[in-house]
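A.B. asks: First the structure, which I've put down as structure tokens, then a few questions once you've had a look.
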Amino acid sequence: MSGSKPDILWSPHHVDRFVICDSELSLYRIESVGSAETKAGVLPLSEETAATLLAINSDTPYMKCVAWYPKHEPECLLAVGQANGRVVLTSLGQSHNTKCKELMGKEFVPKHARQCNTLAWNPNESNWLAAGLDKHRADFSVLIWDISSKFAPEASVATEKIRLSAGDADSGQVVTKPLYELGQNDACLSLCWLPRDQKLLLAGMHRNLAIFDLRNTSQKMFVNTKAIQGVTVDPHFHERVASFFEGQVAIWDLRKFEKPVLTLSEQPKPLTKVAWCPTRTGLLATLTRDSNIVRLYDMQHAPTPIGDETEPTIIERSVQPCEGVIAGFAWHPSSQNRMVAVSPNRAMTDFTVFERISLAWSSTTSLMWACGRHLYECTEEGGAGAGAGGGVADQDIATRMRQRAQSRYGHDTVQVWRNHLLAGGDDPQLKSLWYTLYFMKQYTEDLEQKQQGNKQPLVYSGIKNIVRSSSGTTESRRCWSGSDRQTDAPRFHSEERSLALQLCGWIRRGPEIDVEPFLKSLEQEGEWERAAAVALFNLDIRRAIQILNKGASSEKGDLNLNVVAMALSGYTDEKNSLWREMCSSLRLQLNNPYLCVMFAFLTSEPGAYDAVLYESSVAVRDRVAFACMFLSDSQLPRYIEKLTNEMKEAGNLEGILLTGLTKDGVDLMESYVDRTGDVQTASFCMLKGSPGEVVKDPRVQCWIENYRNLLDAWRFWHKRAEFDILRSKLDPSSKPLAQVFVSCNFCGKSISYSCSAMPHQGRGFSQYGVSGSPTKSKVTSCPGCRKPLPRCALCLMNMGTPVSSCPGTGKSDEKVDLSKDKKLAQFNNWFTWCHNCRHGGHAGHMLSWFRDHTECPVSACTCKCMQLDTTGNLVPSDSA
């Protein structure tokens, strides 16, 4: 290596030692950076590691190649190939091993002097050293030396081949007769032993790659190619070999040695080194001349053996270990993806190639990623945050939807309002939504009874459309309840406004307008401030004071409510009174929004109620109900329109009260889904009594399909089936047509086409003999051609015969179970068959058979039918 760029060689038995080879041999030990970094001879390799110089050997000039002895003893023995073809054994450091002392300085000399290009120790027969030399017309280019004259070869080797001739100069230190001579009248540029057999040697000759078998040296297997440099075997896949020529790398499969299975993209500059990673399967590193990057080719996913037509896909990437030009590199023998690179001026860098991180996000919100050989998992804390305040609200929406699905959220179609309890009962928007849908359902039923034959769901249009069609509004001025004083605020009445109040939940259905039931329900829920505000808006100031006093004396009541009640009792309608002045200035200091709007109402001018209507902390239904009572026909539609637009932009579910399940409602729900990702609520909401044109909206269909896919991904197959049943009830157009039918082997017609003539037996082929009764009519032949149906492989009865009347193959208690439940008996009677071997029978018999067996029940058939179905072994997550 005199005059050439340095290269690196790792010790085969010390993971912390390596040699730098150029004009001399330098042994380094790599260690973590510590207090010793200021010592002489310590070179920093990275932020964590440094190299300490242990020994230098400059006794072997004209070095061209170096190979480290593969065995532990002697541990620091190296073979050096020189420019004159000689191979010299040398060592680094002092060795007390007797064998090492005997071998030190030993030379192996060819007949004719020429350059030694490559050396390779046999990994098993460690005394064998192969040397590749330049061409000579009268000599061989591949010489295999036995470094120990004491080595006893196999009996088949002729005695003259192992005779050692010693020169007269060093008396036994110069060996001139090799053990094997190969490759006559040719040049050898690279060598490597094949791990699959210690007697096979792969050599890159002048114009071909040759495999020599030392058991028969007269024959060789070769392939003509230019890629004869740097041959190296993949340590993880011994049939795969890499070689290069100029800027191109060829990958060979020794089982198909006629041509390369893969040729990597050509580099603009000639290659100087290729090396397989010893710790990572299928990772090849290449270096080009005067380059500052190492190019990596990941053949991890290459299929083997590789066919003629298919080329493996390779992930290509580049890494830059250091700033300057790289002269050589070497993979660390045991640390994963770690290499040391050296520059022409011997500056070294310790570098780790980081793997590309592949992410996988499971449907149960677990995040997993792989980096190298490490697999990391990150899961959401399940019950840890639920006990703390707001813990459930902080959960990912997918986790919440999964929990709701397990509690059958959305499936209560009678007491619709209960669905918010199934969702946890902690989300005020969901509570408002499901109460709104509950009220809409009630009043739709009332309208359908009144308007026989006209089933147009007026109420589902929402309050926005209801108040727009308002007519016959009357204005009245009432007195304060329990007092003769008349209020300044006029109230407005109409049939549409009363309907809106019912939708807001303030009054119940019926001709009477009575808020007392609503007040009592609020008191039961402990919403004292809201109940007092509703009572005040209905001009019952005495009832409001009573509610506040009751709330203050309750178990968890706020004593400040007594102070508020005291202030409320001093109400006066004089414009310039001190009470009005103080309430106007101090009401904003109250913490509860309902207490604020109570005093805002009492101190507002008639018709100017912005302080009440635009208090965002007050529930939408309460603000809308207040507007329906105190805003005129000109003010009310404008306010409802403005509030509707705000709800749509914010995606607030309380706005469904205004929009209804119309196109505006879909727009609002779209904003909600964009904000939260809650396709579950969107799907159930849009299916509840919604008109057909809304359900057919592409956005609604997208939410429904995404929710169905979520249930499938969670393996909630039963829940998804229940959702499909509910969907088909609420939206009959979504009911899918039959997609699969059983056809006759003889005429090809469906054997179930006549099911329409039997309306009581369901559809599809499951109607034949669904009952456990043997007297049930059976169809055991094709309705079209009358040919018999196939026989069950176990009971040998024609298909169509009920399972319960067939001689069973299982245990006696299993037969009883099969006929016990009618639904179970229906499925047990279905046709089932294997798509691979085409054998089958009754579903109940097949399931019973494969509980105890793996192979097909038909004689001489070795098909493992049940194992072919990968999803058949999955257990639904929602099964009890």
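Every number in this text was worked out from the coordinates using simple rules, so none of it is lab data. The model shown is predicted, which means the values in this text are computed figures rather than measured ones. We place every Cβ from the backbone using ideal geometry, glycine too, and count neighbours over all the protein chains shown.
A.B. asks: Whole-Hz Karplus ³J(HN,Hα) for the range 403-419, in order, using 6.51 cos²θ - 1.76 cosθ + 1.60 and θ = phi - 60°, x for Gly and Pro?
C.D. replies: Taking θ as phi minus 60°, the curve returns 5, 5, 4, 5, 8, 6, 4, x, 8, 7, 9, 9, 8, 4, 4, 5, 4 Hz for the range 403-419.
A.B. asks: With the convex hull built on the Cα atoms of the range 580-694, state its orientation-averaged projected area in nm². Intermediate results must be reported in sequence, preceding the final value.
C.D. replies: Working: hull surface 33.7 nm².
Orientation-averaged projected area of the Cα hull: 8.4 nm².
A.B. asks: Spin-label point model (7 Å from Cα, Cβ direction): what's the residue 555 to residue 281 distance in nm?
C.D. replies: Distance between label points: 6.4 nm.
A.B. asks: So for each of 178-184, 582-588 I average, over its residues, the number of other beta carbons within 10 Å; can you give me the resulting order with the highest mean first?
C.D. replies: Working: 178-184: 20.0, 582-588: 13.9.
Result, highest mean first: 178-184, 582-588.
A.B. asks: Spelling out what I want: for every residue of the range 619-635, take phi, set θ = phi - 60°, compute 6.51 cos²θ - 1.76 cosθ + 1.60 (Karplus), and round to whole Hz; glycine and proline get x.
C.D. replies: In residue order, the calculated couplings are 4, 4, 5, 6, 5, 5, 4, 4, 5, 5, 8, 10, 9, 6, 5, 7, 7 Hz.
A.B. asks: Something else: Can you figure out the FRET efficiency of residue 196 with residue 379, using R₀ = 45 Å and their beta-carbon distance, to the nearest 0.05? Spell out each step's value before the answer.
C.D. replies: On the way: r = 44 Å, r/R0 = 0.98.
After rounding, the FRET efficiency stands at 0.50.
A.B. asks: Using the Cα centre as the reference, give the magnitude of the dipole from point charges on the C-beta atoms of the range 495-559 (Lys, Arg: +1; Asp, Glu: -1; all else neutral), rounded to the nearest 20 debye. Please list the in-between numbers first.
C.D. replies: On the way: 9 positive and 12 negative charges, 15 e Å.
The dipole magnitude comes to about 80 debye.
A.B. asks: Can you give me the distance in nm between label points at residue 699 and residue 579, each placed 7 Å from the Cα along the Cα-to-Cβ direction?
C.D. replies: Rounded to a tenth, the inter-label distance reads 4.9 nm.
A.B. asks: Something else: List the residues whose amide H sits under 5 Å from the amide H of residue 371, counting only those 5 or more places along or on another chain, with H placed 1.01 Å from N in the peptide plane.
C.D. replies: 376
A.B. asks: Tell me, what ³J(HN,Hα) does each residue in the range 358-374 have, in order and in whole Hz, if you take phi through Karplus 6.51 cos²θ - 1.76 cosθ + 1.60 with θ = phi - 60° and put x for Gly and Pro?
C.D. replies: Karplus-based 3J(HN,Hα) across the range 358-374 equals 9, 9, 9, 10, 6, 5, 9, 6, 8, 9, 10, 9, 10, 9, x, 8, 9 Hz.
A.B. asks: Now for a different question. About the Cα centre of the range 665-714, how large is the charge dipole given +1 on each Lys and Arg Cβ and -1 on each Asp and Glu Cβ? Please answer in debye to the nearest 20. Could you put the intermediate results ahead of the total?
C.D. replies: On the way: 5 positive and 8 negative charges, 25 e Å.
It works out to roughly 120 debye.
A.B. asks: Return the FRET efficiency for the residue pair residue 649, residue 730: r is the Cβ-Cβ distance, R0 is 30 Å, and the value is rounded to the nearest 0.05. The partial results should precede the final answer.
C.D. replies: Values: r = 29 Å, r/R0 = 0.95.
Approximately 0.55, to the nearest 0.05.
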